[in-house]
Amino acid sequence: LHMASRSLHLLNEKAFINGEWDTASNQKTFEVKNPANGQVVGTVPDMNVDDVQKAIDAASEALKTWQKTTAKERSHILRKWYDLLNANSESIAKIMTAESGKPLIESNGEVVYGNSFVEWFSEEARRIRGETVPSPVPNRKLIIEKQPIGVVALITPWNFPHAMITRKAAAALAAGCTCVIKPAEDTPLTALTLAHLAQEAGVPKGVFNVVTCDRSNAAAVGKLLCESPQIAGISFTGSTQVGKLLYEQCARHIKRVGLELGSVHDISRGFLIQEDVFDEFVNKFGIAIKSIKLGDGFQEGITTGPLINIAQFNKVNSIVEDAKNKGAKIVVGGAPAKQLGELFYEPTLMTNIKEDMLIYKEEVFGPVAAIIKFKTEEEAVAIANNTERGLAGYFYSEDVSQIFRVSRELELGMVGINEGMISCAEAPFGGVKESGIGREGSHHGIEEYTYYKYLCVGNL
Ligand code: ADP
C-alpha cells in the first residue's frame, strides 16, 4: 500500500502531542494522497475535540516553564531547529511534493523560504524589548514589559504546507508562547516532519503540538480552539470564508486573532495591461505559458503540478467555464488535462474579462491567468481596488512619481514594484480589507504573540 512513501525519509504517521507520537483515542485515521496519482502517501490520526483537548492541556502545562526560559535559550533552540531543517531540506521537500503535488523545484523553494522564518525568529527572540517611560509625577517609575500571550492555536492551509507553519510557530516560540497546530487535511505530513525536527532540536515537550484531523472534524476542532479559555490567540491562514467564521467565534471570547486570507498572490493572477502594449504582452505571455511543463512534481523538468483535490479542481474548472460562457477569450489552455490524471488542469490564459465573471473577483488556486485591458493609470488603480481583497499587488513602472503615487493609492498590504517575488522573513506579510488582520514575519511578526504589561512602581 505504501510503496511510494517507503522511500520518504522523516515521514511520520502519527500526531504529535506533548512530545509523543499519538493516535486518535478512537483509533480513527485518514489517508493523505498524492494528488498527481491518487496514491496513498501516509495515513494519519483523525483526531476529534477530545484528542485536541489533550494537546491544549499539554501546551498549557508546557507554557508554565517555556515562558520563563531566557530569550537566549529560546533563540538557541530555534537556531538548532533551523539547522536541522536545513540539513533535512531535501527530505522535507520530497514529503511536500508527495502530499501537495508541488513540483520538487517549488517545494525546494518553499523549504528555503519556510526555514528562513525559523532562522529569523531565532535572531528576533533576543530583541523582544520592553520600555521605561518618564513618569508624569515624581517618585514613580513606569515600565512596559512584553509578555507572551500564552497558548496559541495555528490553523494552516495546504498551499504552503511548511512556510505557513514556521512563519507563525517560530514567532510564537520566540515570544515564549506554546502552540497547538492544526495543519490542512491535505498536507499534514510536512507539519509532522517539522514537529519531528523541532523535537530533535530540543523544543521541550508540549511546546509544539501538531494535531491532525480530516475535514469532517475541522469545524468542531476549530470551534474548540476559538472557545477554549486555555487558548490566548488564533492565527489562521486560509479562505476568507473560514477566516470570517473563526473571527466570529473568537469575538465571543475576545481572543487575539491573526488572519491571512484570500489573495491574488499565488499562481492565479489577474493582470492589468495597458492597451498600447496589450497585444504584445498577451502574445509573449501566451508563449511563456505554453512552455510550462505540467505533470507529476517528482519528474524532472516539471514546473506545474496538479490541483490539490477534487473540490479545487471543480472550482477552477467552473470559474473558467463561467468566463467562457460570458464571453472570455481563451488564449492558451482552458480545459482539464485529463490525460495526465484526474486533478490536472491546463495552464490557461484568458482575455476579454468582464466584471460579471467569477474570475474577476474569486481567488483561483490553479494555473489560470486573466488579463484585463486598461487605458489610464486612474482606470488601472480603480480596477485593482474594486475588490474586497487587499493582500498583495504588483506593478511595473519606470516613472518615479508614478511609482510612489500608485503605491499609495493601491488598497493593499504589500506592493511589488518592478518585482514579482517580494516575500521574505525580514518583511511584514499581511493584507488589508478582507485579506486579513495582523502581520507575519519581520520584527512586527512577534507582536501577534506578545502583549504589553504596564508596571507602575510608586513611592520611590
Ligand atoms: P482552502 O479552501 O484553501 O482549503 P480553508 O480555509 O478551507 O482553505 O482551509 C484552511 C484551513 O482551515 C485547513 O487547515 C482547514 O482544515 C481548516 N478549516 C476548514 N474549516 C474550518 C473550520 N470551520 N474551523 C476551523 N478550521 C477550519
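For region 358-428, what is the accessible area per residue in Å² when the probe is 1.4 Å?
52
What is the gain in length, in nm to one decimal, between ASN386 and ARG252 on full extension, counting 0.36 nm per residue of separation less the C-alpha to C-alpha distance?
Details: separation 134, 0.36 × 134 = 48.24 nm, distance 3.10 nm.
That works out to 45.1 nm of additional length.
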Review point. Cross-link partners among aspartates and glutamates for LYS338, C-alpha distance below 18 Å, same-chain residues fewer than 8 apart left out?
Key: ASP296, GLU321, GLU346
Check your understanding: Roughly what % of DSSP beta bridges within the chain run antiparallel, to the nearest 5?
Key -> 45
Study note, to complete from the structure: Per the rule of 0.36 nm per residue minus the C-alpha distance, extending ASN418 to HIS444 adds in nm 6.9 nm
Exercise for review: Could you pull out which residues in region 376-392 have an amide N less than 16 Å from a spot 7 Å beyond the Cα of VAL277, following the Cα-Cβ vector?
Suggested key: 376-378, 380-381
Practice item. Give the shape of region 259-330 as rounded, prolate or oblate, defined through the alpha-carbon gyration tensor: a ≥ b ≥ c are the square roots of its eigenvalues, a/c under 1.5 means rounded, and otherwise the shape is prolate if a/b is larger than b/c and oblate if not. Key: oblate
Study note, to complete from the structure: Relative contact order as a percentage, region 1-155, C-alpha pairs under 8 Å and 6+ apart, gives 20
Study note, to complete from the structure: Mean accessible area per residue over region 87-176 (1.4 angstrom probe, all protein chains present, square angstrom) is 36
Review point. How much of the accessible area of region 24-73, in percent, comes from carbon and sulfur atoms when a 1.4 Å probe is used?
Key: 49
Revision key, fill the gap. Sorted by chain and then number, the residues having a modelled amide H within less than 5 Å of the amide H of LYS329, at least 5 places away or on another chain, are THR351, ASN352
Study note, to complete from the structure: Hydrodynamic calc, the chain: Kirkwood Rh from Cα pairs, then Stokes-Einstein at 20 °C with viscosity 1.002 mPa s, so D in µm² s⁻¹ is 92
Practice item. Using a Förster distance of 41 angstrom, determine the FRET efficiency expected from the C-beta separation of ILE144 and GLN39, and round it to 0.05. Key: 0.15
Exercise for review: Could you work out how far helix 278-290 tilts from the main Cα principal axis of the chain, as a 0 to 90 degree angle to the nearest 10?
Suggested key: 70
Check your understanding: Which distance in Å, rounded to a whole number, links the C-alpha centroids of region 14-41 and region 164-231?
Key -> 14
Point to revise | Length released on extending from LYS244 to CYS456, taking residue separation times 0.36 nm less the Cα-Cα span | key: 72.5 nm
Study note, to complete from the structure: Of every hundred units of 1.4 Å-probe accessible area on region 230-346, the number belonging to carbon and sulfur atoms, as a percent, is 54
Check your understanding: Using 7 Å Cα-to-Cβ label points, what is the LYS205/GLN339 separation (nm, one decimal)?
Key -> 5.6
Exercise for review: Could you work out how far apart the two model spin labels at TYR396 and THR376 are, taking each label as a point 7 Å from the Cα in the direction of the beta carbon, and quote it in nm?
Suggested key: 2.4
Point to revise | Inter-label distance, nm, simple model (7 Å from Cα along the C-beta direction), LYS64/ASN352 | key: 6.9
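Leaving out ligands and nucleic acids, note down the accessible area per residue over region 184-296 with a 1.4 angstrom probe, in whole Å².
44
The values are calculated or read from the model by the stated rules, or taken from the named source; none is laboratory data. Just so you know, these numbers come straight off a predicted model, no measurement behind them. Note that each Cβ is placed from the backbone with ideal geometry, even for glycine, and that neighbours are counted across all protein chains shown. Heavy atoms of the whole protein, side chains included, go into the accessibility calculation; ligands, DNA and RNA do not. Shrake-Rupley method; radii C 1.70, N 1.55, O 1.52, S 1.80 Å.
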